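See structure below.
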Amino acid sequence: QVRLVESGGGLVQPGGSLRLSCAASGWMFRIYTMNWYRQAPGKQRELVAEITSGGITMYADSVKGRFTITRDNAKNTVDLQMNSLKPEDTAVYYCHQNGNDYWGQGTQVTVSS
């Protein structure tokens, strides 16, 4: 059974940090590019970060220098470390597998004082 399960969201003050984690199962995790997307209320879902099977990363301009995507192929996980969070980072964050278009259920991140 294919599963992507996100965790780690929550409420944080501006300038704070959160670490999101996505646990994958049911397929050969290590060979696929993995993404983190986010969707804020009233906005389209946007790509935040990507990591290839070889560990090459890409970031949206809005999060460069603040977010870091990593993967652990032994544990079938992909994480998103988010630092210096801003109110505009508030969104539901989704884990996504590129090859077969698998999505997780999403985790809410709220940045507010």
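The values are calculated or read from the model by the stated rules, or taken from the named source; none is laboratory data. This structure is a prediction, so every number in the text was calculated from the model and none was measured. Here Cβ is always computed from backbone atoms with ideal geometry, including for glycine, and neighbour counts include all displayed protein chains. Ligands, DNA and RNA are stripped out before the accessible areas are found, and what is left, the full protein with its side chains, is counted by its heavy atoms. Shrake-Rupley method; radii C 1.70, N 1.55, O 1.52, S 1.80 Å.
How many of the residues in the stretch 74-102 are surrounded by fewer than 15 Cβ atoms within 10 Å (Cβ to Cβ) and more than 17 Å from Met58 (Cα to Cα)?
Quick first cut of the stretch 74-102, residues surrounded by fewer than 15 Cβ atoms within 10 Å (Cβ to Cβ) only: 74-75, 83-84, 86-88, 98-101.
Filter again for more than 17 Å from Met58 (Cα to Cα), leaving 74-75, 84, 86-88, 100-101.
Within the stretch 74-102, residues that are surrounded by fewer than 15 Cβ atoms within 10 Å (Cβ to Cβ) and more than 17 Å from Met58 (Cα to Cα) number 8.
With (1) within 16 Å of Glu6 (Cβ to Cβ); (2) open to solvent by 40 Å² or more (accessible area, probe 1.4 Å); (3) among the charged types (D, E, K, R) as the list, and Lys64 as the residue in question, which single condition is left unmet?
(1)
Regarding Glu50, is this residue under 12 Å from the mean Cα position of the chain (by Cα), surrounded by fewer than 18 Cβ atoms within 10 Å (Cβ to Cβ) and among the acidic types (Asp, Glu)?
Values: under 12 Å from the mean Cα position of the chain (by Cα): yes; surrounded by fewer than 18 Cβ atoms within 10 Å (Cβ to Cβ): no; among the acidic types (Asp, Glu): yes.
No, not satisfied.
If you check Leu4 against the conditions, is it over 13 Å from the mean Cα position of the chain (by Cα), closer than 17 Å to Tyr93 by Cα, touching a residue at least 12 places away in the same chain (Cβ under 8 Å) and assigned to a strand (DSSP E or B)?
Numbers: over 13 Å from the mean Cα position of the chain (by Cα): no; closer than 17 Å to Tyr93 by Cα: yes; touching a residue at least 12 places away in the same chain (Cβ under 8 Å): yes; assigned to a strand (DSSP E or B): yes.
In short, no.
Going through the stretch 26-39 one residue at a time, which ones are touching an Asp or Glu at 6+ places or on another chain (Cβ under 8 Å) and surrounded by fewer than 20 Cβ atoms within 10 Å (Cβ to Cβ)?
Thr33, Gln39
May I ask you to list the residues in the stretch 75-113 that are in a strand (DSSP E or B) and among the hydrophobic types (A, V, I, L, M, F, W, C)?
At the first step, the residues of the stretch 75-113 found to be in a strand (DSSP E or B) are 77-82, 91-97, 102-103, 107-111.
Residues satisfying the conditions are Val78, Leu80, Met82, Ala91, Val92, Cys95, Trp103, Val109, Val111.
Could you figure out which of (1) outside any loop (DSSP other than H, G, I, E, B); (2) open to solvent by less than 40 Å² (accessible area, probe 1.4 Å) isn't true of Arg71?
The number of the failed condition is (2).
Just checking, does the stretch 15-25 include any residue being assigned to a strand (DSSP E or B), at pLDDT below 95 and surrounded by fewer than 19 Cβ atoms within 10 Å (Cβ to Cβ)?
yes
Can you confirm whether Val63 is part of a loop (DSSP other than H, G, I, E, B), at pLDDT 95 or above and among the β-branched types (Val, Ile, Thr)? Steps first, please.
Values: part of a loop (DSSP other than H, G, I, E, B): yes; at pLDDT 95 or above: yes; among the β-branched types (Val, Ile, Thr): yes.
Spelling it out, Val63 is indeed part of a loop (DSSP other than H, G, I, E, B), at pLDDT 95 or above and among the β-branched types (Val, Ile, Thr).
Residue under question is Ile31, and the condition is that it be at pLDDT below 95 and over 15 Å from Trp103 (Cα atoms); does it hold? Lay out the reasoning, then the answer.
Values: at pLDDT below 95: yes; over 15 Å from Trp103 (Cα atoms): yes.
For Ile31, the condition - at pLDDT below 95 and over 15 Å from Trp103 (Cα atoms) - is met.
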